[in-house]
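Notes follow the structure.
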Amino acid sequence: MSVSAPFTLPNGQSFRNRIAKAAMTEGLAWRDGLPTTAHEALYRRWAHGGCGLLITGNVLIDRGALERPGNVIVDGPLSADAKVAWSRWAAAATEADTQAWVQINHAGRQTQKRVNPHPKAPSAVPLALPGGQFGMPVPLTAAEIRDLIDRWATAAAVAREAGFTGVQVHAAHGYLISQFLSPLANRRDDDWGGSLENRARFLTETVKAVRAAVGSDFTLSVKLNSADFQKGGFAFDDCLVVAGWLADLGVDCLEISGGTYEQPAMMDMDGLAPREEPKQQSTRQREAYFVALARALMQAKAPPLMVTGGLRSLAAMEDAIASGLAFVGVGRPLCAEPDCVADLLAGASEELPRFEDRLAIGPGILGPASPLKLVRTLNGFAAQAWCYQQIRRIAAGGAAEKLNPFKAFLAEEREAKARA
Ligand SMILES: Cc1cc2nc3c(=O)[nH]c(=O)nc-3n(C[C@H](O)[C@H](O)[C@H](O)COP(=O)(O)O)c2cc1C
């Protein structure tokens, strides 16, 4: 078992290796929400970059609940032209013997105010974040919940028809399904809130609807938080139970991540480390945390697993695969160096680049460890914007250049205005 060897999922889907490009929102669509030639160029580049599997950035099922302006959107039947755009995207993403899955999402209360000042969510519980970027959410009615579940199924059918080879239901990172799972964000007292079974109903019903729409011979994946890392939020014990339910429902692959906008552990992997470990732990220990987590999941009951977040060294990836994981997921290194996985697999390097360690608005009090929450939040957005800008450069056929995260932040603000 090696990360570089071909691999087949129990459902029969084969992969040229076990490294997956994790979902990364592209922000390349215009107001119509259609995939563009920039999406094609980007995914063609990534298809030739070494990964066996590409997972698209989140595709949104409601234009009133975007994760950000520039998202691809499927919120109704597609026109003939739209179907062509989707097919071209799928062809580019699968052209180098890569598998390509479409991630499907609804941002719920994590919809920015500039998209919707009152987005739909499980309950009227706003995000506790400084900066006023997010408005007071409006609770979904039971009928609206059913409509959204149908939309997930519609989007999955669109992905299959276009030529993608799988779909992923986004149930992590504090977006709508993750909000339903969290006792902090979900205060409902109907069938969709309260017990874990009720809070997970939105996810389990979505999985059933998507399965019915795509059939049993198409890969259905779910991305789930190991934990929200918030007191009273979705916890690892909940994850263990939900993973078992997803296995019973025939989910083909479960990707494990963690965190929300309020606690962005998915971007800062120190946040994922068990509390009792010293803060300055070695990279190797940090990466090994996932292996421990995956083992606990496998000892219980779970679909084939993928973990994403902070995996950079070939050695840690090999350990993860040896411990029984199906895939390892990689995100940020592919934003600036689309060939870095090919280099790793060819033995040209032993580690993927760690841009995340270098990205901050400034040192000291302006750095990522600033005592000021607003500065830490701004640093998070700036580092994210840096990745977005690099993705735009790859899509335009260029190479990564030196770029100050703060300038990237301002440039992305202009992009968002142009695409909103
Ligand atoms: C630019 C960028 C965009 C992202 N967009 C998404 C997304 O659309 N869906 C998702 O599930 N995760 C998204 N993520 C999170 C990644 O999939 C991944 O979980 C995270 O980057 C941690 O992995 P890494 O340490 O290898 O970067 C995004 C991350 C980045 C950096």
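For the reader, a short list of remarks on this structure follows.
- Whenever a residue of the stretch 333-352 is surrounded by fewer than 20 Cβ atoms within 10 Å (Cβ to Cβ), its partners that are basic (Lys, Arg), lying with C-beta atoms within less than 9 angstrom and at least six residues away or across chains, give the pairs 339/45; 351/312.
- Selection within the stretch 211-234 - at pLDDT 95 or above and surrounded by fewer than 21 Cβ atoms within 10 Å (Cβ to Cβ): 211, 212, 213, 214, 215, 216, 217
- The stretch 156-175, subset closer than 18 Å to residue 76 by Cβ and crowded, with 24+ Cβ neighbours inside 10 Å, residue nearest to the ligand (Cβ to nearest atom): 167
- Within the stretch 237-270, tally of residues that are within 9 Å of the ligand (Cβ to nearest atom), part of a loop (DSSP other than H, G, I, E, B) and of a type in the set (A, V, I, L, M, F, W, C): 2
One line per residue, one yes/no per condition, for (1) closer than 23 Å to residue 214 by Cα; (2) assigned to a strand (DSSP E or B); (3) touching a helix residue (DSSP H, G or I) at 6+ places or on another chain (Cβ under 9 Å):
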{"residue": "97", "(1), (2), (3)": "yes, no, yes"}
{"residue": "103", "(1), (2), (3)": "yes, yes, no"}
{"residue": "118", "(1), (2), (3)": "no, no, no"}
{"residue": "123", "(1), (2), (3)": "no, no, yes"}
{"residue": "132", "(1), (2), (3)": "no, no, no"}
{"residue": "153", "(1), (2), (3)": "yes, no, yes"}
{"residue": "177", "(1), (2), (3)": "yes, no, yes"}
{"residue": "180", "(1), (2), (3)": "no, no, yes"}
{"residue": "185", "(1), (2), (3)": "no, no, yes"}
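- Filtered residues of the stretch 342-394 (kept if away from the ligand (no atom under 14 Å from the Cβ), aliphatic (A, V, I, L, M) and either in a loop (DSSP other than H, G, I, E, B) or touching a strand residue (DSSP E or B) at 6+ places or on another chain (Cβ under 8 Å) (or both)): 345, 346, 348, 360, 361, 369, 372
- Check on residue 50, under 20 Å from the mean Cα position of the chain (by Cα), outside any helix (DSSP H, G or I), within 12 Å of the ligand (Cβ to nearest atom) and under 21 Å from residue 336 (Cα atoms): no
- Pairs, first over 19 Å from residue 2 (Cβ atoms) and touching a residue at least 40 places away in the same chain (Cβ under 8 Å) in the stretch 299-326, second in a loop (DSSP other than H, G, I, E, B) and of a type in the set (D, E, K, R), C-beta under 7 Å, six or more apart: 303/252
- Qualifying residue in the stretch 412-420 (condition: touching a residue at least 60 places away in the same chain (Cβ under 8 Å), more than 16 Å from the ligand (Cβ to nearest atom) and assigned to a loop (DSSP other than H, G, I, E, B)): yes
- Selection of the stretch 318-339 for residues being within 11 Å of the ligand (Cβ to nearest atom), farther than 18 Å from residue 97 by Cβ and in a helix (DSSP H, G or I) yields 333, 335, 336.
- Residue that is nearest to the chain's Cα centre (by Cα) [pool: residues in the stretch 20-47 that are within 16 Å of the ligand (Cβ to nearest atom) and aliphatic (A, V, I, L, M)]: 23
- Checking each residue in the stretch 1-16 for being polar (S, T, N, Q) and at pLDDT below 95 picks out only 2.
- Single condition residue 70 does not satisfy, out of (1) at positive phi; (2) away from the ligand (no atom under 16 Å from the Cβ): (2)
- Matching residues, the stretch 16-40, being part of a strand (DSSP E or B) and closer than 15 Å to residue 167 by Cα: 20, 21
The values are calculated or read from the model by the stated rules, or taken from the named source; none is laboratory data. Predicted model, so just to flag it, every value in this text is computed and none were measured. Cβ coordinates were reconstructed from backbone atoms using ideal geometry, including for glycine residues, and neighbour counts include every protein chain displayed.
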